[in-house]
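The values are calculated or read from the model by the stated rules, or taken from the named source; none is laboratory data. What you see is a predicted model; the values in this text were computed from it and never measured. Note that we place each Cβ from the backbone using ideal geometry, even for glycine, and neighbour counts take in every protein chain shown.
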């Protein structure tokens, strides 16, 4: 995977369904991490579960926060040709990534992503609440050199 793919600015309106697909891919990959943690942790008892849950939490934080902050994408976004950038076109930062991902609590949890979907459809730059607060947009990666 390349470190910082070149974004195609102005394509944020073309990526709504790609974002849904990337979310599903990333959710499946996170399930592959958390499934064994829960199963093995439950078999090991409270201390074992706590240790494995800590490992799972660290993997979750690296997966979402650091990958987007360092590279601009998670595996799901990469596979579907997406990249997260700052609204000014600069690379996403770790701070922006942490902020946009922490705000999934607002975007997703109370309403099963209805707030995120509504926000993406109603904002000019197709941003969910986390993107608005972190000043980020999701765009297509440029193809080729």
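Looking at the structure I just gave you, is residue 79 at pLDDT 90 or above, surrounded by fewer than 19 Cβ atoms within 10 Å (Cβ to Cβ), more than 23 Å from residue 103 (Cβ to Cβ) and touching a helix residue (DSSP H, G or I) at 6+ places or on another chain (Cβ under 8 Å)?
Yes, satisfied.
Pull up the stretch 124-140, narrow it to residues that are surrounded by fewer than 19 Cβ atoms within 10 Å (Cβ to Cβ) and at pLDDT below 95, then point me to the one that is nearest to residue 14 (Cα to Cα).
Per the stated criteria, the residue is 125.
Taking the criterion of being modelled with pLDDT under 95 and either under 16 Å from the mean Cα position of the chain (by Cα) or closer than 24 Å to residue 10 by Cβ (or both), would at least one residue in the stretch 34-55 satisfy it?
So far as the stretch 34-55 goes, no, none of its residues is modelled with pLDDT under 95 and either under 16 Å from the mean Cα position of the chain (by Cα) or closer than 24 Å to residue 10 by Cβ (or both).
Is there a residue in the stretch 86-95 that is in contact with a helix residue (DSSP H, G or I) (Cβ under 7 Å, 6 or more places away or on another chain), part of a helix (DSSP H, G or I) and crowded, with 17+ Cβ neighbours inside 10 Å?
So far as the stretch 86-95 goes, no, none of its residues is in contact with a helix residue (DSSP H, G or I) (Cβ under 7 Å, 6 or more places away or on another chain), part of a helix (DSSP H, G or I) and crowded, with 17+ Cβ neighbours inside 10 Å.
For every residue, the table says whether it meets (1) in contact with a helix residue (DSSP H, G or I) (Cβ under 6 Å, 6 or more places away or on another chain); (2) loosely packed, with under 14 Cβ neighbours inside 10 Å; (3) free of Cβ contacts under 8 Å to residues at least 12 places away in the same chain; (4) farther than 26 Å from residue 125 by Cα.
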| position | (1), (2), (3), (4) |
| --- | --- |
| 7 | no, no, no, no |
| 56 | yes, no, no, yes |
| 64 | yes, no, no, no |
| 71 | no, no, no, no |
| 97 | yes, no, no, no |
| 102 | no, no, no, no |
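Could you list all residues from the stretch 105-123 that are assigned to a helix (DSSP H, G or I) and crowded, with 16+ Cβ neighbours inside 10 Å?
Within the stretch 105-123, 106, 107, 115, 116, 117, 119, 120 qualify.
Does at least one position in the stretch 10-26 carry a residue that is modelled with pLDDT under 90, out of contact with any strand residue (DSSP E or B) (no Cβ under 6 Å at 6 or more places or on another chain) and not in a helix (DSSP H, G or I)?
Scanning the stretch 10-26 turns up at least one residue that is modelled with pLDDT under 90, out of contact with any strand residue (DSSP E or B) (no Cβ under 6 Å at 6 or more places or on another chain) and not in a helix (DSSP H, G or I).
Among the residues of the stretch 64-84, write down those that are in contact with a strand residue (DSSP E or B) (Cβ under 6 Å, 6 or more places away or on another chain) and more than 13 Å from residue 141 (Cβ to Cβ).
The answer is 68, and nothing else.
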